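Peer 1: My structure is below; once you've seen it, I'll send some questions.
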Amino acid sequence: MGGQYPQNIRVHFPGPLYNLMDKAEVEDQVKFLVLTLDHIIKLMDASEHMNSVKWNPKTVEYFLKVLHRQSSELKECVAQYQKPLQKESYKMRIKRHFGNLKKILKKEKYSAQAWEQIRSAVRSHLQRMDIIANNAKLRFS
């Protein structure tokens, strides 16, 4: 969306949470992926606040469509799970993390710099989520 990632942008990333999810049951991993995707969609679906960035609106729209599709397909998988899942402490942790990302945007008045921080964080999430999804696929098959 925005080309190269600036080198000077750093945002806290919940690496320990992802490490925990790497070892979780497949069902928990899928629920985590759905939850995280939904948080990313909610965060990025703020076109009214994207006036400061020079991202192509069609690219952002396409990106969100892909995320919506992935989320809905994973939700179909989650609906098939029979047993209730044991630990869902990750729900509050991921909610808190995305709340902090939203605070960055608000504090910086949705500036281009703030959006670049968010874009960088979302990229990190998607990369780690891809690893979890691939591992879950291997364990499930």
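The values are calculated or read from the model by the stated rules, or taken from the named source; none is laboratory data. Just so we're clear, the structure is a prediction, and the values are computed from it rather than from any experiment. Every residue, glycine among them, receives a Cβ derived from its backbone with ideal geometry; neighbour counts consider all protein chains shown. Remember, those area values only see protein heavy atoms, side chains included, never the ligands or the DNA or RNA. Shrake-Rupley method; radii C 1.70, N 1.55, O 1.52, S 1.80 Å.
Peer 1: What do you get when you divide the Cα radius of gyration of the chain by 2.2 N^0.38 Å, with N the number of residues?
Peer 2: Values: Rg = 15.6 Å, N = 141, 2.2 N^0.38 = 14.4 Å.
Normalised Cα radius of gyration, the chain: 1.08.
Peer 1: Compute the relative contact order of the chain as a whole-number percentage, counting only Cα pairs closer than 8 Å that sit 6 or more residues apart in sequence.
Peer 2: On the way: 97 pairs, mean separation 64.2, N = 141.
It rounds to 46 percent for the chain.
Peer 1: To the nearest 20 debye, what is the magnitude of the charge dipole of the chain about its Cα centre, counting +1 on the Cβ of each Lys and Arg and -1 on the Cβ of each Asp and Glu?
Peer 2: Dipole magnitude for the chain comes out near 400 debye.
Peer 1: In the structure displayed, which of Lys65/Lys103; Lys54/Lys95; Lys75/Lys95; Lys65/Lys109 lie more than 20 Å apart, Cα to Cα?
Peer 2: Details: Lys65/Lys103 24 Å; Lys54/Lys95 28 Å; Lys75/Lys95 18 Å; Lys65/Lys109 26 Å.
Too far apart for the 20 Å limit: Lys65/Lys103; Lys54/Lys95; Lys65/Lys109.
Peer 1: Taking the Cβ of Leu67 as the centre, find all other residues whose Cβ is under 12 Å away and add up their charges (Lys, Arg: +1; Asp, Glu: -1). Write out the running numbers ahead of the final one.
Peer 2: Values: positive: Lys42, Lys65, Arg69; negative: Asp38, Asp45, Glu61, Glu73.
Every neighbour counted, the sum reads -1.
Peer 1: Let me ask something else about it. ³J(HN,Hα) across the stretch 106-112 via Karplus (A = 6.51, B = -1.76, C = 1.60, θ = phi - 60°), whole Hz, x for Gly/Pro?
Peer 2: Values per residue, Gly and Pro as x: 5, 4, 8, 6, 6, 6, 4 Hz.
Peer 1: Per the 1.4 Å probe, what fraction of the accessible area of the chain, in percent, lies on carbon and sulfur atoms?
Peer 2: Working: 4720 of 8930 Å².
Accessible surface attributable to carbon and sulfur in the chain totals 53 percent.
Peer 1: Also, quick follow-up: Of Leu67, Trp115, Ile40, whose Cα points farthest to the positive end of the dipole of the chain (charges on the beta-carbon: +1 Lys, Arg; -1 Asp, Glu; origin at the Cα centre)?
Peer 2: Of the options given, the answer is Trp115.
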